[in-house]
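The values are calculated or read from the model by the stated rules, or taken from the named source; none is laboratory data. Please read all numbers here as calculations on a predicted model, not as lab measurements. Counting neighbours? That spans all protein chains shown, and the Cβs are built from the backbone with ideal geometry, glycine included. Please note that ligands, DNA and RNA were not included when accessible areas were found on the heavy atoms of the full protein model with its side chains. Shrake-Rupley method; radii C 1.70, N 1.55, O 1.52, S 1.80 Å.
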Amino acid sequence: MACLLEAPLRISVLSEVTATSRHYVDRLFDPDPQNVLQGVIDMKNAVIGNNKQKANLIVLGAVPRLLYLLQQSSSSLELRTECAVVLGSLAMGTENNIKSLVDCHIIPALLQGLLCSDLIFIEACLRCLRTVFISPVTPVQLLYTDPTVIPHLMSLLSRSQHTQEYITQIFAHCCKTPEHQTVLFNHGAIQNIAPLLISPSYKVRMQALKCFSVLAYENAQVSMTLVNVLVDGEQLSQVFVRMMQRDKPIEMQLTAAKCLTYMCRAGAISTDDGCVVLKTLPCLVRMCSKERLLEERVEGAETLAYLMEPDIELQRIASVTDHLVSMLADYFKYPSSVSAITDIKRLDHDLKHAHELRQAAFKLYASLGSNDEDIRKKITETENMMDRIVSGLSESSIKVRLAAVRCLHSLSRSVQQLRTSFHDHAVWKPLMKLLQNAPDEVLVMASSTLCNLLLEFSPSKEPILESGVIELLCSLTQSDSPALRVNGIWALMNMAFQADQKVKVEIVRALGTEQLFRLLSDPDANVLMKTLGLLRNLLSTRPHIDQIMSSHGKQIMQAVTLILEGEHSIEVKEQTLCILANIADGNTAKELIMTNDDMLQKIKYYMGHSNVKLQLAATFCISNLIWNEEDGSQERQDKLREMGFVDILHKLTQASDPNLCDRAKTAMQQYLA
């Protein structure tokens, strides 16, 4: 029986709560304005810190009525202000509350309210707008819908410290794209916000700083402008440097370091500038220490990785600053069973977010080890590092998997690591597993790493070949993503290098001639270059050349003709002529060139080309065709002499380029022998 009683009890409690809430809503419709004002004030006191009450009032339709009263010119200023305060309080509740407010068109109503001259009302509207805009469920685009809004917000910056704090916070949260950066920049964000960096209010300084970090991110125009800005006679970069001092709050140090990082990456500050090497980099390394909170360590590591990504000198400096490489190893042990965190809520939060630390550590290791062999060695020798990468490749978080494979890719650039750590830990196995079913950005990184594991000196090459990787790589060459097509064909190219006949035949079979020739007309130049590289590696050693040309010679010669006649770069044409030189080295394959007068005329044309690389490659073709020790060399020499090749060779023996001169002399000797 008790079970039956439970439901009616719940209903009566709920109806009681709803009844008291309805009383608040009903008072908003009272004909006496004084009663309405008192009703709004009572509602304000009732909802503070009470999410249940907030949800009830929203369900009962309080929001449209509050917005109506807020917008009525007949409402007193006090009433309109109190309405804005209550709406701000409702927005402080759950994400569902925010969604309901946005659906009721709260944003246009509040933006309209900013046109009022009363400062207290403006501040109440801005406070509510700030709360709504910083929620992840609010579409930031709503700030940019009306083109008059941004300039009006800029004009309100000078009204009070509160308007400065709220407006800069709104800008910092709503600047998400290059288009947003441009709108804010064009409306004078830099001139208007720079003076706020020396405001007496910490909150204003902090929000202004955050604005500059989102404005400068990957934006050369903003960054170049920031370099020349003076704040109270001091260069902006020096203001940022002061904000990174150890006695400043961590949030300020970190955000100032981000500003200088973004300015440096955008090319506005040199990587060897003192404010980068002596201030920004050490500040970011400090953020990685275990004394810092989880989110500070994550942000510090990710920003540092971004700062030094393209610069080997910064990577070297960072690798010897404060034992950074071993400090990052702690990122994988957090929170430990003996963690110093006594705050249960904090521990619960950190356990849920520990994967972000691993992701950040992998990113930073990837950046540190992207160029220098000694740093890579240091990383792989850090306790259990390779095991950590291997387990990172199969983590449930896609971001951790991506960061782990980026780290692996960075380390795979080392010949020594490919021969040692990579082999000892059989990293190719989890890598192959990752390639089976992953989003494109993971696939790109994983297939790039695979390209390195398939280089001839890598001990992993054999087991990878035996695992049936060829089909997988051939499927990548059919991807819509140019990066995946490049990696698929690049890996096949590495696989075909000095491979035995069986592997080459399998590559041609799995790829199929149709796909091979489709790739030779790919719009992406990198895909074309790597396909030519694959073809060149397939057509090496005479038996292989003759076998492949006997079955696919006609199509290959057609493809070569098309490329030599087309609008292609010097590199593409040089690679194509090198393929032709390989064909000319075959025993039977060379007849496909000798019986093709059109092709011989093309070779002749390139021997007289203005580019030495093309002259060299074309001369190499002829050299292979007329080589003395081979059957039929006399007939070939005679035919080519009749076509005028000897005269060209003679002229090339006088060439200013020593390599070309030697190559021509070697060819001429075949006629004299």
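In this simple spin-label model, placing a label point 7 Å from the Cα along the Cα-to-Cβ direction at both Val227 and Ser540 gives a separation of 4.4 nm.
Please list the three semi-axes, largest first and in whole Å, of the ellipsoid equivalent to segment 266-349, using sqrt of 5 times the eigenvalues of its alpha carbon gyration tensor.
Largest first, segment 266-349 gives 29, 13, 10 Å.
At a Förster distance of 41 Å, what's the computed FRET efficiency of Leu672 paired with Ile570, Cβ-Cβ distance as r, to 0.05? Taking R0 as 41 Å, the efficiency between Leu672 and Ile570 is 0.80. Placing unit charges on the Cβ atoms only, positive for Lys and Arg and negative for Asp and Glu, gives the chain a dipole magnitude near 940 debye about its Cα centre. Structural descriptor for the chain: relative contact order 5 percent, calculated from alpha carbon pairs under 8 angstrom and at least 6 residues apart.
So with the 1.4 Å probe, I'd like the accessible area per residue for segment 360-504, rounded to whole Å². Roughly 40 Å² per residue, with all protein chains present.
Taking the alpha carbon gyration tensor of segment 44-180, what are the square roots of 5 times its eigenvalues, largest first, to the nearest whole Å? Numbers along the way, then the final one.
On the way: eigenvalues 102, 66, 34 Å².
Those come to 23, 18, 13 Å.
Compactness ratio for segment 516-565: Cα radius of gyration over 2.2 N^0.38 Å (N = residue count) comes to 1.13. Here, segment 77-156 yields an orientationally averaged convex hull projection of 4.8 nm² when only Cα atoms define the hull.
Find, to one decimal place in angstroms, the Kirkwood hydrodynamic radius of segment 594-673, where the mean of 1/r is taken over every pair of different Cα atoms and then inverted. For segment 594-673, inverting the mean 1/r across all distinct Cα pairs yields 12.4 Å. Taking amide H positions as modeled 1.01 Å from N, with prolines and chain starts lacking one, the residues under 5 Å from Val231 and 5 or more places away or on another chain are Leu236. How big is D, in µm² s⁻¹, for segment 295-415 by Stokes-Einstein at 4 °C and 1.567 mPa s if Rh is the Kirkwood radius over C-alpha pairs? Value of D from the Cα-based Kirkwood radius: 89 µm²/s.
Working from label points 7 Å from Cα in the Cα-to-Cβ sense, the Asn45 to Val503 distance is 8.3 nm. Each label point was placed 7 Å from the Cα along the Cα-to-Cβ direction; for Phe29 and Lys290 their separation is 6.3 nm. The spread of Cα positions in segment 621-660, taken along each principal axis and listed from longest to shortest, comes to 33, 20, 12 Å. Helical content alone sets the calculated 222 nm signal of the chain at -21500 deg cm²/dmol, taking -39,500 (n - 2.57) per DSSP H segment of four or more residues and averaging over every residue. What share of all Cα pairs of segment 128-261, in percent, falls into each consecutive 10 Å distance bin? Histogram of Cα-Cα distances, whole percents per bin: 12, 47, 35, 6, 0.
For segment 543-655, the carbon plus sulfur part of the accessible surface works out to 50%, probe radius 1.4 Å.
The translational diffusion coefficient of the chain, from Stokes-Einstein at 4 °C and 1.567 mPa s with a Kirkwood hydrodynamic radius over alpha carbon pairs, comes to 42 µm²/s. Computed across segment 352-506, the Kirkwood hydrodynamic radius from all distinct Cα-Cα pairs reaches 15.6 Å. Its residues counted as N, segment 419-492 yields a C-alpha radius of gyration over 2.2 N^0.38 Å of 1.02.
When restricted to Cα atoms, segment 476-623 yields an Rg and a Dmax of 14.5, 41 Å, respectively. Per the Kirkwood formula applied to alpha carbons, segment 207-305 shows a radius of gyration over Rh ratio, Rg over Rh, of 0.94. Ligands, DNA and RNA left out, the accessible area of segment 354-455 computed with a 1.4 Å probe is 46% carbon and sulfur. Where the alpha-carbon atoms of segment 379-455 are placed on the principal axes, they occupy 30, 27, 17 Å, in descending order. Of all alpha-carbon pairs in segment 361-411, indicate the percentage at a distance above 16 angstrom. Here the tail beyond 16 Å accounts for 30 percent of pairs. If you model segment 116-184 as an ellipsoid using its alpha carbon gyration tensor, with each semi-axis the square root of five times an eigenvalue, the axes come out at 20, 14, 10 Å, biggest first. What do you get for Rg/Rh of segment 109-154 when both radii come from the Cα atoms and Rh is the Kirkwood radius? When Rh is taken as the Kirkwood radius, the ratio is 0.96.
Across segment 662-669, coupling constants 3J(HN,Hα) worked out from phi with the 6.51/-1.76/1.60 Karplus curve, θ = phi - 60°, read 5, 4, 5, 5, 4, 5, 4, 4 Hz, and Gly and Pro carry x. Give the lysines reachable from Lys602 as a straight Cα distance under 30 Å; neighbours fewer than 8 places away on the same chain don't count. Candidates past the 8-residue exclusion: Lys504, Lys530, Lys554, Lys573, Lys590, Lys613, Lys639, Lys651, Lys665. Based on the reciprocal of the average 1/r between different C-alpha atoms, the Kirkwood radius for segment 52-107 equals 11.3 Å. Cross-link reach is defined here as a Cα-Cα straight distance under 19 Å, omitting same-chain residues fewer than 8 places apart; for Lys54 the lysines meeting it are Lys44, Lys99. Between Asp273 and Gln436, full extension at 0.36 nm per residue minus the direct alpha carbon distance yields a gain of 54.2 nm.
Our coupling estimate for segment 79-86, obtained by passing each phi through the Karplus curve with A = 6.51, B = -1.76, C = 1.60 and θ = phi - 60°, is 5, 4, 5, 4, 4, 4, 5, 4 Hz, Gly and Pro reported as x. If you take the alpha carbon atoms of segment 463-554 and fit the smallest convex hull around them, that volume is 84 Å³ per residue.
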